[in-house]
1. Mind checking which pairs have a first residue in the stretch 451-477 that is closer than 21 Å to ASN494 by Cα and a second that is modelled with pLDDT under 85 and part of a helix (DSSP H, G or I), Cβ under 6 Å, 6 or more apart or different chains?
2. Which of (1) in a loop (DSSP other than H, G, I, E, B); (2) open to solvent by less than 80 Å² (accessible area, probe 1.4 Å); (3) not polar (S, T, N, Q) does PHE149 not meet, given it meets every other one?
3. Would it be correct to say that ASN589 is closer than 25 Å to SER462 by Cα, in contact (Cβ under 8 Å) with a residue 24 or more places away in the chain and open to solvent by 40 Å² or more (accessible area, probe 1.4 Å)?
4. Can you tell me which residue within the stretch 25-54, out of those that are at pLDDT below 85 and out of contact with any strand residue (DSSP E or B) (no Cβ under 8 Å at 6 or more places or on another chain), is surrounded by the most Cβ atoms within 10 Å (Cβ to Cβ)?
5. Restricting to the stretch 732-743, name every residue that is open to solvent by 20 Å² or more (accessible area, probe 1.4 Å) and touching a residue at least 12 places away in the same chain (Cβ under 8 Å).
6. Which numbered condition trips up LEU610, out of (1) crowded, with 18+ Cβ neighbours inside 10 Å; (2) over 30 Å from ASN681 (Cα atoms)?
7. Give the residues of the stretch 532-574 that are within 20 Å of GLU512 (Cα to Cα) and not in a strand (DSSP E or B), sorted by residue number.
8. May I ask you to verify whether GLU90 is open to solvent by 50 Å² or more (accessible area, probe 1.4 Å), at pLDDT 75 or above and part of a helix (DSSP H, G or I)?
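The values are calculated or read from the model by the stated rules, or taken from the named source; none is laboratory data. Please read these numbers as outputs of a predicted model, since none were measured by experiment. All Cβ positions, even for glycine, are placed from backbone atoms using ideal geometry, and neighbour counts span all protein chains on display. For the accessible areas, the whole protein counts, side chains as well, though only heavy atoms, and no ligand, DNA or RNA atoms are used. Shrake-Rupley method; radii C 1.70, N 1.55, O 1.52, S 1.80 Å.
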Amino acid sequence: MNAQIEDDTPSTRISILGMRCAGCVSAVEGALQDVSGVTEVAVNFADHSATVSGEFDTEALKQSVQDAGFDAAIMEGLENVEDEEQQEEERYQKLIRKAAAAGIFGFPLMIAGHIGLLPDMANPEGHWIWPYISLITLGLLFYSGGHFFQGAYKSLLLKQANMDTLIALGTGSAWVYSTILIDYSESLASISPHAYFEASVIILAFINFGSALETRARGKTSAAIRELIGLQPRTARVVREGKELDIEIDQVGLDETIRVRPGEKIPVDGVLVEGHSTIDESMLTGEPMPIEKHIDDQVAAGTINQQGSFLFKATRIGRDTALAQIIQSVRQAQSSKPAIAKLADKISAVFVPAVVGISVLTFFIWLIFAPDPALGYAFVTSMTVLVIACPCALGLATPISVMVSVGRAAQMGILIRNGEALQSTCKIQTLILDKTGTVTEGRPRINQIIPCADYSETELLSYAASIEAASEHPLAIAINNEANEQNIALEKANSFKAVPGHGVTAEISDHEVCFGNKALMDEQGIDCSEHIEQLDSLSESAQTPMLLAIDNKIAGIISVADPIKKDSAQAIKALRDQGIRVLMVTGDNPKTAQAIAQQAGIDEFKAQVLPEQKAEVVKELQSRGHVVGMVGDGINDAPALTQADVGFAIGTGTDVAIESADVVILQGSLQKVPEAINLSNATVTNIKQNLLGAFFYNSVGIPVAAGILYPIFGILLSPMFAGAAMAMSSVTVVSNANRLRWVELHK
């Protein structure tokens, strides 16, 4: 299990303006961590945001970020998605305008120079035009590249270096070099009097255009978050003093009665109190079939009422709703860093200073060893190194893939709580499954009541329901439900004692009552030898037999059956096809466990394992070098889920706050586990592709830019092509990550 921002710790999400590379992430993290009261920071470069936990002054957060050379805005609630989208659109349009301005001047200037329309710098008759070109280029540097120069200056004040540093040095030095040539082209006879005004602005055109495309493509990665947030309606129809009123969603109070009509979205979480309907919960659970809802059933915010009008009582509002928790968990997971990101972070931290050093070294090598014009060659190659080496692609490689995958998983009803789990899931070698509620439906019903001696079925059910009245165990719930359906009156149980994994004892109507398995009877010294064959027969038919003893004598047997889920066998087959060893661990008896295992296609199982012993099973496998996953209900199985390398909690659409699990399956379907593993495989592969591409781009691009091909092939990379390549590298990474939105997971 991996550390993450705890759900019960106050946290604030802020939008960071001005982050342009992985180096910026380190600067922002440092600035936020310096604020008093901050306990944890997670910066998401992919969507330019940060989640900060602790007790702190939000104004101090903003000021610290601004002092580091960036701008920040506090993002409150779920309703700010439209503002975020508008900001992204404005940023996109601004970058397009900056790219267009630089391109409109730069490309004609480049063409004119290539076809001989521009006068020679050394020619006095045409010399007058170059100062004007220099001034126009300077204006474009301020308009199209001003944000880079500002960022570089602020980084310099903080004794840091980032992407802005490289771009500012590259384009600024091109302008300075070219401007000097205007007046000194004749005196520097050894220098080819070629100006690079067009290179400086075309580089800015490419970089701004690439950033615009990246912004647009990056917007697609947060589509899942936007869709989830869009589920929240703006208003709710509440019933107050017998009148139905439409009010703003933030005005709805706890225990408020709310009316939902056909086709409307449910505004908050609650419990249905009047009427019935079918509800589309697909956006929360991934389940395409509508779910029927009756009185006392739970309904979740954001789900859509299809048929019927009903009333429900609000039980969770605001940030406490299932929808809000899912959005918060998705955002936290998107901001978290898996282990695979650490290499990129370490490299990015020293990358820009290293590139500046390589650029300086390149300059002096060419100045010393190059043919005439040596200074011209030295300048062009060092500038090209600066331009091509931007670490944007490296910084985006991991977070953009994590962001897409976590969002994709949420749409499928799989809630991945941290990025480490996303990486670790595909490494699972052994998967341990709890039986009840995981492989089986978890809603057992009484199958048989077998009286002994002079007791009737009704009497047995009365004693069993009375002793189990306060229990929340699934088998107890089955017995109590049956007693309720038969309107059987319950007696008070005194001196109640639960024996974990065995059963319960109590005193009912002056009788000593024991209800549980054979182990309980043996522990209490009650002879059940004549019923062994009957118990075995029931167990072999996938029923769980429980013995009821009254005054130390067996009074009867009650068997409960819990059928396997309709997709369990298919899911287990898919897991085995993935090469994963599947092991079922249950507290049930061996006969019942074997019957369920056979039905589900499981070859290995461990029976009569107490809840606290399940974690020991996980530890034992881990001690043998296995990467272990555990699938359970998140309550009884909490120790095992925590111990496992990856814990999967089978929940429901409203049961999302399962602290012990790395992954929550909202739909309760075991089929989602192999899908999560396939998604993890696809994500890790995608991240490796991105990192490999980024490393390859820089490891090949920098030497080529430095002129390594020139001695053999006479090839030098143009600074303009370097700018285009740098811009497109980030777009390529983002586009590759977006493929995860459509990757096939049903294999």
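1. Partner pairs satisfying both residue conditions: GLU468/ALA476.
2. All conditions pass for PHE149, except number (1).
3. On the way: closer than 25 Å to SER462 by Cα: yes; in contact (Cβ under 8 Å) with a residue 24 or more places away in the chain: yes; open to solvent by 40 Å² or more (accessible area, probe 1.4 Å): no.
When the stated conditions are applied, ASN589 does not pass them.
4. PHE45
5. THR732, SER735, ASN736, ARG739, ARG741, VAL743
6. (1)
7. Matches in the stretch 532-574: ASP551, ASN552.
8. Details: open to solvent by 50 Å² or more (accessible area, probe 1.4 Å): yes; at pLDDT 75 or above: yes; part of a helix (DSSP H, G or I): yes.
For GLU90, the condition - open to solvent by 50 Å² or more (accessible area, probe 1.4 Å), at pLDDT 75 or above and part of a helix (DSSP H, G or I) - is met.
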